[in-house]
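Engineer: Dumping the structure here so I can ask a few things about it.
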Amino acid sequence: MNKTNNTMKLKIQDSKKSSGNSIGKKLFLLTAMFLFTFSIQAQDKKAKDLLDQVTAKVKSYNNIAIDFKYSLNNAKENINQDSKGNVTMKGNQYVLNFMGVTKIFDGKKTYTIVPEDEEITISAVNEKDDNAITPSKMLTFFNTGYKYNMDILQNVKGRKIQYIKLVPLNAKDQRKEVLLGIDVQTKHIYNLIEVGKKGTKTTLTVNSFKTNQPLSKNQFTFAGSKYPNYYINKLD
């Protein structure tokens, strides 16, 4: 009889231990999940705060002039291309010089000037193309259409560059993610890395970032008289 009672006691104790261990594991998992979720939310908040600071800094300038390097890479297709360019922006207006082509946007129309072909294409702004990162959007494109999180912090020649990973919300977007490198001290964008779903990676690195430059009143005005022999292609 005593043996039976002892056996039952042992079973009850083992059951309690098992139950206690199970509850302990569940509590541990719940705690871990809570801490992980809190960490993600905190990182999201940090990312948003930093992006807001970048936006505020950009909007505080009357104009911005940037010299940049553009790289296109795709290991599968054996593509490696590097180009340099520059852009001057004021509000949503800009003048972009890139790969031998000049693009002028006066706020209503885009004038694409190709000296090699002696051709000028005039087109209205495409407001439906939300995915395109145009020069005027480049410094603030991240405000809508993305979920974001803090990524790595790198030291680049003595500058602390904080990366934020942005993932497009639109499933049809051909970009897998966008990495935005921000100078922690100046709150200026250092580089922009787009990673495509098919393996293509494009990188735009800012070599020079100047603000509030003296600009001509006709800086963003297309002067057709400068191109008397050019073919004019009007798309609208």
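Engineer: Just the residues that are within 19 Å of the chain's Cα centre (by Cα) and surrounded by fewer than 15 Cβ atoms within 10 Å (Cβ to Cβ), please, taken from the stretch 56-66.
Structural biologist: Selection gives 56, 59.
Engineer: Quick one: count up the residues across the stretch 149-174 that are in a strand (DSSP E or B), surrounded by fewer than 18 Cβ atoms within 10 Å (Cβ to Cβ) and of a type in the set (D, E, K, R).
Structural biologist: 3
Engineer: Could you check the stretch 80-100 and list, in sequence order, the residues that are among the aliphatic types (A, V, I, L, M) and in contact with a Gly (Cβ under 9 Å, 6 or more places away or on another chain)? Walk me through how you get there before you give the answer.
Structural biologist: Of the residues in the stretch 80-100, the ones among the aliphatic types (A, V, I, L, M) are 87, 89, 95-96, 99.
Correct list: 96, 99.
Engineer: Let me ask you something else. Can you pull out the residues in the stretch 184-222 that are assigned to a strand (DSSP E or B) and over 14 Å from the mean Cα position of the chain (by Cα)?
Structural biologist: Going through the stretch 184-222, the residues assigned to a strand (DSSP E or B) turn out to be 189-196, 201-211.
Residues satisfying the conditions are 207, 208, 209, 210, 211.
Engineer: While we're here: Being aliphatic (A, V, I, L, M) and more than 29 Å from residue 78 (Cβ to Cβ): is that true of residue 192 here?
Structural biologist: Details: aliphatic (A, V, I, L, M): yes; more than 29 Å from residue 78 (Cβ to Cβ): no.
The answer is no for residue 192.
Engineer: Now for a separate question. Contact list please: Cβ distance under 9 Å, first residue in the stretch 90-103 and on the phi > 0 side of the Ramachandran plot and surrounded by fewer than 18 Cβ atoms within 10 Å (Cβ to Cβ), second residue aromatic (Phe, Trp, Tyr) and part of a strand (DSSP E or B), pairs at least six apart or on different chains.
Structural biologist: Going by the 9 Å Cβ cut-off, the qualifying pairs are 99/70.
Engineer: Which of the residues spanning the stretch 72-89 are over 20 Å from the mean Cα position of the chain (by Cα) and assigned to a strand (DSSP E or B)? Lay out the reasoning, then the answer.
Structural biologist: Step one: filter the stretch 72-89 for residues over 20 Å from the mean Cα position of the chain (by Cα), giving 75-81.
79, 80, 81, listed by residue number.
Engineer: Hey, another quick one. Report yes if some residue within the stretch 226-236 is in a loop (DSSP other than H, G, I, E, B) and charged (D, E, K, R); otherwise report no.
Structural biologist: Pass one, the stretch 226-236, residues in a loop (DSSP other than H, G, I, E, B): 227-230, 235-236.
Right, trim to charged (D, E, K, R) and you get 236.
So far as the stretch 226-236 goes, yes, one or more of its residues are in a loop (DSSP other than H, G, I, E, B) and charged (D, E, K, R).
Engineer: Under 7 Å between Cβ atoms, which residue pairs at least 6 apart in sequence (or on different chains) link something in the stretch 107-120 that is under 12 Å from residue 230 (Cα atoms) with a partner that is small (Gly, Ala, Ser) and surrounded by fewer than 14 Cβ atoms within 10 Å (Cβ to Cβ)?
Structural biologist: Filtered contacts from the stretch 107-120: 115/100; 116/100.
Just so you know, all these numbers are worked out from the coordinates, no wet-lab data involved. Please read these numbers as outputs of a predicted model, since none were measured by experiment. Here Cβ is always computed from backbone atoms with ideal geometry, including for glycine, and neighbour counts include all displayed protein chains.
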